[in-house]
Amino acid sequence: MLNAIIRFALHQRLLTIAVAIFLLGYGSWAALKMPIDVFPDLDRPRVVVMVEAPGLAPEEVETRITFPLETALNGAQGVQAVRSTSGIGLAVINVEFGFGSDIYVDRQIVNERLAAVSDRMPRGVRPQLGPVSSIMGQILVLGMWSRDSKTDPVELRTQADWVIGQRLLTIPGVAQVFTMGGGRKQFHVLVEPSSLQHYGVTLGQIREALQRSNQNATGGYLDQQGPNELLVRGLGRIQTVEDLQKVVVTIRDGRPVALAQVARITEAAQAKRGDSTAYRRLPNNADTGEPGQFEGGPSVVMTISKQPGADTREITKNIMAAVQELKASLPADYQIEPMYSQESFIDRAIHNVIEALRDGGILVVIILFLFLMNFRTTFISLTAIPLSLVMTVIVFKITGMSINTMTLGGLAVAIGELVDDAIVDVENIFRRLRENRESSSPLPPLLVVYRASTEVRNSIVFSTLIVCLVFIPLFALEGMEGRLFTPLGVAYVVSIFSSLIVSLTVTPILSYWLLGRETVSHAEKDGPLLRCLKWIADKVIRFSLAFPRLNLAVVVIAVAVAGLFVVRLDRDFLPAFNEGAVQLNVLLPPGTSLATSNEINQTVEERLQAVSDVVSIVRRTGRAELDEHAEPVSASEYILEMDPQSTRNREEQLEELREAMADIPGIVTAVE
């Protein structure tokens, strides 16, 4: 069959080259359109159950909410693990299913179990499912503040919740938007005990009156009042403080008792379980070159997560475009800035891998020319690289894979081997053509090319299969490891098999066109580098054969030393990544109030602003409403964007941050 492939390619040369050119063009177009991400799709089907229970302590949350829900969810069809977190007024339960299961079927299973225990929940507590989101977490963090504090924090939060957040949720691929900071607008009814006693009103009556008054009612319609029908509505929804003041609580001595007579009504922010700040450094001083000052302060921070399988870079671009559109309709003092973007990490990681691919390709070109010392044979061998890469990209597109650090890593590992098959074929063809030209009865060059290619066919195929077998164990990995490393193996194996196809089709044709029509016979002569390496190899082989025991002893000792170093190496699932951002966790003693936490974190922020490499600072203390992270108000998380143009490496930057935090009393920090 392989002989038939070579024969067909040589007989249909124009068709074969046309197909190769088409694949080159289509593969290049597909590479530009493919989704790009940091890692392959690692999203394991996961359903998040969140329960808000205001006022309950963690012990009561665990006993009355978390435990009954865990008991109901354990053993459900397809459930592999149930993990929960109980905090002040919040329970978060993560229900994990096996890879390959339908997330919407999984959510239906969880909903059925929740319905079975709904009657065992405390009054007013209703479990709800979180949106379907990616395991990659936050892809973008936006900070919004008012210049010179012209706008009230409550108004800032209202705009974030009802204008900006709602607009961002309409963008395809956005799973959820967590909003923290500012103040959620509420009407506070502050009861006066003396007035209650005076009018004989109870707290229960006030609560009942508020519940009854804050609703609309419908009364059908009237269709006999002229040519038009009239819709009957009873409007009772509370809109303003004045509406609340007029609410009738009860009747005493034939007179209504209004809410304003027994309570003071104010418009204020909801009691918070978290707060946030955001700062961004202004451009450097053009005259002195000194780092710019920071702008920002207490802010509304919006954390955006994506849906599984969505393109992070595309979503980020659409979000920033939507923010630019919204800025035109917002007050002039509003400032909205990206404080953290996963897109920057993706671009940096992909750029680094592409640089490795580029450098590897340049080295392959140099080494090939130094060994072959022939421009034509070098060119023919190098055609295997772009053709193999674009064929691999086409396979990625067909199978739904993305371009990420693992797939590009597989290509980077394979790039030096993509020319192996072509080199073997070209070298044999070149030698046979030279011998044919020196023969007294030369054969047609096309026949010589065919015979030369079939001579090394078995060697090429067997060597390719043996190399690919090394990566077969990667496909046996299961779970998260399999999802992470299988794309690397796919990229490597597909690219190597693509190079085999190129060596059996395109390489013989180019060899016939560029080498088969040479009329001048060149004496075979190795280049200076190859002659030098052959001389060294000759000496090494002679020495090894003269002293075989010494040679074997050195090899055994080297293997033993290498094994000793291997067992002493650190072990980790993934290496540390330089995202261009640093996470700083600040912990205060348990029980610290939110106000005290904010006060102490102001000192932390002042220290961070003094670090010259810090470009932006965003802090989240506690948690947002319906946030999956049940953090107490004593815990703060900082995300610091570092200067990408800094001359210092990451370890030096982290060490300076640790030193800045070292002498702040009462806090425990972790920098990563």
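At Leu529 and Ser441, where each label point lies 7 Å from the Cα along Cα→Cβ, what is the point-to-point distance in nanometres?
4.2 nm
Counting other beta carbons within 10 Å of each residue's own, what order do Met50, Met1, Met401 fall into, fewest first? List each step's numbers first, then the result.
Numbers: Met50 17, Met1 4, Met401 22.
By the 10 Å Cβ count, ascending, the order reads Met1, Met50, Met401.
For region 68-78, just list the computed ³J(HN,Hα) in residue order, Karplus coefficients 6.51, -1.76 and 1.60, θ = phi - 60°, integers in Hz, with x standing in for Gly and Pro.
Values, residue by residue: x, 5, 4, 4, 6, 7, 5, x, 5, 4, x Hz.
Looking only at region 31-68, which residues have a backbone nitrogen under 15 Å from a spot 7 Å from the Cα of Ile135 in the C-beta direction?
Under 15 Å, as judged by backbone N against the label point of Ile135, lie 38-48 of region 31-68.
Can you compute the label reach from Leu2? Point 7 Å from Cα along the Cβ direction, backbone N cut-off under 14 Å, restricted to region 429-457.
451-457
Can you tell me how much longer the chain between Lys317 and Glu355 gets when fully stretched, taken as 0.36 nm per residue apart minus their C-alpha distance, in nm with one decimal? Before the final figure, lay out each step's value.
On the way: separation 38, 0.36 × 38 = 13.68 nm, distance 2.39 nm.
Contour length minus the Cα-Cα distance gives 11.3 nm.
Could you name the aspartates and glutamates in cross-link range of Lys185, using Cα to Cα under 14 Å and dropping any fewer than eight places away on the same chain?
List returned: Asp152, Glu155, Asp161, Glu267, Glu625.
Taking the beta-carbon count within 10 Å as an exposure proxy, list Glu96, Glu672 from fewest neighbours to most.
Details: Glu96 16, Glu672 8.
Listing Glu96, Glu672 from fewest to most nearby Cβ atoms yields Glu672, Glu96.
Taking the alpha-carbon distance from Lys306 and a cut-off under 26 Å, which lysines remain once sequence neighbours fewer than 8 residues away in the same chain are dropped?
Partners found: Lys33, Lys272, Lys317, Lys327, Lys397.
Kyte-Doolittle cut-off 0.0, length cut-off 20 Å along the helix's own axis using Cα: show which whole DSSP H helices in the chain pass. List each step's numbers first, then the result.
On the way: long enough: 13-33 (30 Å, 1.40); 103-117 (22 Å, 0.31); 312-327 (22 Å, -0.33); 342-372 (45 Å, 1.15); 384-399 (22 Å, 2.03); 420-438 (28 Å, -1.06); 479-514 (49 Å, 1.24); 528-546 (27 Å, 0.72); 548-567 (29 Å, 2.26); 594-609 (22 Å, -0.82).
Span-like helices, by this rule, are 13-33, 103-117, 342-372, 384-399, 479-514, 528-546, 548-567.
Tell me which residues come under 5 Å, amide H to amide H, from Gly98 once H is placed; ignore anything under 5 positions away on its chain.
Distant-sequence amide H within range of Gly98: Gln80.
Quick check: pseudo-label points 7 Å beyond the Cα along Cα→Cβ at His198 and Glu229, how many nm apart are they?
Roughly 5.0 nm, to one decimal.
Which FRET efficiency, nearest 0.05, do Asp663 and Ser344 yield, Cβ-Cβ r, R0 30 Å?
Details: r = 32 Å, r/R0 = 1.06.
For Asp663 and Ser344, the calculated efficiency is 0.40.
Only helical DSSP H runs with n ≥ 4 go in: add -39500 (n - 2.57) per run for the chain, normalise by residue count and round the 222 nm mean residue ellipticity to 500 deg cm²/dmol.
Details: 24 runs with 323 residues, N = 672.
For the chain, the value works out to -15500 deg cm²/dmol.
Would you calculate the separation in nanometres between label points at Glu242 and Ala18, each defined as 7 Å from the Cα along the Cα-to-beta-carbon direction?
Modelled inter-label distance: 8.1 nm.
Pulled fully out, how much extra length does the chain show between Arg167 and Met480, if you take 0.36 nm times their separation in residues and subtract their Cα-Cα distance?
109.3 nm
Please list 56-65, 123-132 highest first by mean number of surrounding beta-carbon atoms within 10 Å per residue.
On the way: 56-65: 17.4, 123-132: 13.9.
Packing proxy ranking, top to bottom: 56-65, 123-132.
Report the net charge of residues surrounding Met339, where surrounding means a beta-carbon distance below 11 angstrom and charges are Lys +1, Arg +1, Asp -1, Glu -1. Please report the intermediate quantities before stating the final value.
Working: positive: Arg280, Arg619, Arg620; negative: Glu337, Glu641.
Net local charge, Met339 excluded: +1.
Among (1) 35.1; (2) 31.4; (3) 26.3, which one is Kirkwood radius over Cα pairs in Å computed from these coordinates?
Label of the calculated value: (2).
Give the calculated FRET efficiency between Leu469 and Ala546 to the nearest 0.05, with a Förster radius of 35 Å applied to their Cβ-Cβ distance.
Details: r = 35 Å, r/R0 = 0.99.
My answer for the efficiency is 0.50.
What does the C-alpha gyration tensor say about the overall shape of region 46-129? Classify as rounded when a/c is under 1.5, otherwise prolate if a/b is larger than b/c, or oblate. It would help to have the intermediate numbers written out before the result.
Numbers: a/c = 2.22, a/b = 1.83, b/c = 1.21.
Prolate, since a/c reaches 1.5 and a/b exceeds b/c.
For Leu474, Leu140, which order do you get if you count the other beta carbons within 10 Å of each Cβ and list the fewest first? Mind showing how you got there, number by number?
Numbers: Leu474 19, Leu140 24.
Final ranking by Cβ density, sparse to dense: Leu474, Leu140.
Any idea what the relative contact order of region 46-129 is, in percent, if you count C-alpha pairs under 8 Å spaced at least 6 apart?
On the way: 141 pairs, mean separation 35.5, N = 84.
Normalised by residue count, the contact order of region 46-129 is 42 percent.
Whole-Hz Karplus ³J(HN,Hα) for region 664-670, in order, using 6.51 cos²θ - 1.76 cosθ + 1.60 and θ = phi - 60°, x for Gly and Pro?
Per residue, the Karplus-derived 3J(HN,Hα) values read 7, x, x, 10, 10, 10, 9 Hz.
No value in this document is a laboratory result; all are computed from the given coordinates. Fair warning: this is a prediction, and the values are worked out from it, not measured in the lab. Note that each Cβ is placed from the backbone with ideal geometry, even for glycine, and that neighbours are counted across all protein chains shown.
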